[in-house]
Amino acid sequence: DTAVSQTPKYLVTQMGNDKSIKCEQNLGHDTMYWYKQDSKKFLKIMFSYNNKELIINETVPNRFSPKSPDKAHLNLHINSLELGDSAVYFCASSLPIAGGQNTGELFFGEGSRLTVL
Amino acid sequence: GNSVTQMEGPVTLSEEAFLTINCTYTATGYPSLFWYVQYPGEGLQLLLKATKADDKGSNKGFEATYRKETTSFHLEKGSVQVSDSAVYFCALSVWGSARQLTFGSGTQLTVLP
């Protein structure tokens, strides 16, 4: 059973297009994240949702819009794609923030490699 | 703010060599510290963690000790294998209203047979 799954794994598209990446976790976690990994492997958090509520929104262009229909899903929609959006996008989840259960460990999906031409 | 400084790579070693990857951190509050590993074409996996000072995390022959006095969490392994070739990330997490991981820049390790 895949714990955190992302689709698609690879995405090649033209500049100016709109695309979405989907993420689902079956771990029962309340908190989900999107991270961006650039070509030098540097990881930067983009968004975090706790039980469908946005709690982290880093300095990300408005073209990026996360949506969490329920606590097991966190999708990422990107409008008007640009060359600089080419990267690997990782979804992750963790235990609830409240209640002392969360030691900070994240569980990652396998990544979605986006290439903008 | 919080930050993690990691030894720059790439690191190339022969099989059975000793490995050290340095990691130092700056944090407001009391962080938990982590090492994650990313094998080629895969997502990140937790390798080991330590949640308070002097704790030692260990897994698969890798170890790291949480040193508050030197704000460090260096990763070590006594004898590396080809299968250890991967990118290693040091990370920290601090209690707050929004708990998130802050990652170092990653260190590429290649182990040659």
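The values are calculated or read from the model by the stated rules, or taken from the named source; none is laboratory data. Since we're looking at a predicted model, the values are computed, not measured. All Cβ positions, glycine included, derive from the backbone under ideal geometry; neighbour counts span all protein chains shown. Just the protein is used for accessible areas: all its heavy atoms, side chains included, with ligands, DNA and RNA removed. Shrake-Rupley method; radii C 1.70, N 1.55, O 1.52, S 1.80 Å.
Number of residues in segment A:41-62 that are assigned to a loop (DSSP other than H, G, I, E, B), within 18 Å of A:S112 (Cβ to Cβ) and open to solvent by 80 Å² or more (accessible area, probe 1.4 Å) equals 1. The residue list B:L92, B:L75 contains one member that is open to solvent by less than 50 Å² (accessible area, probe 1.4 Å) and within 14 Å of chain A (Cβ to nearest Cβ), which is B:L92.
Every test in (1) more than 27 Å from B:S3 (Cα to Cα); (2) small (G, A, S); (3) within 14 Å of chain B (Cβ to nearest Cβ) is passed by A:S48 save one, and that test is (1). Of all the numbered requirements in (1) within 17 Å of A:R113 (Cα to Cα); (2) of a type in the set (S, T, N, Q); (3) open to solvent by 30 Å² or more (accessible area, probe 1.4 Å), A:Q37 misses one, and that requirement is (3).
Of all residue pairs spaced 6 or more apart or on separate chains, those with beta-carbon atoms under 6 Å, a first member in segment A:3-17 that is more than 22 Å from B:G43 (Cβ to Cβ) and a second member that is of a type outside the set (V, I, T) and open to solvent by 80 Å² or more (accessible area, probe 1.4 Å) are A:Q14/A:L117. Somewhere in segment B:17-27, is a residue modelled with pLDDT under 95 and of a type outside the set (V, I, T)? Checking segment B:17-27: at least one residue is modelled with pLDDT under 95 and of a type outside the set (V, I, T). Going through (1) modelled with pLDDT of 90 or more; (2) open to solvent by 50 Å² or more (accessible area, probe 1.4 Å) one by one, A:F90 falls short only on (2). The lone criterion from (1) facing chain A (nearest Cβ under 10 Å); (2) of a type in the set (G, A, S); (3) open to solvent by 50 Å² or more (accessible area, probe 1.4 Å) left unmet by B:S83 is number (1). Within the set B:T51, B:T65, B:T26, B:T110, the sole residue that is within 10 Å of chain A (Cβ to nearest Cβ) and surrounded by 13 or more Cβ atoms within 10 Å (Cβ to Cβ) turns out to be B:T51.
Could you please let me know if A:N75 is at pLDDT 85 or above and in contact with a Cys (Cβ under 7 Å, 6 or more places away or on another chain)? Criteria met by A:N75.
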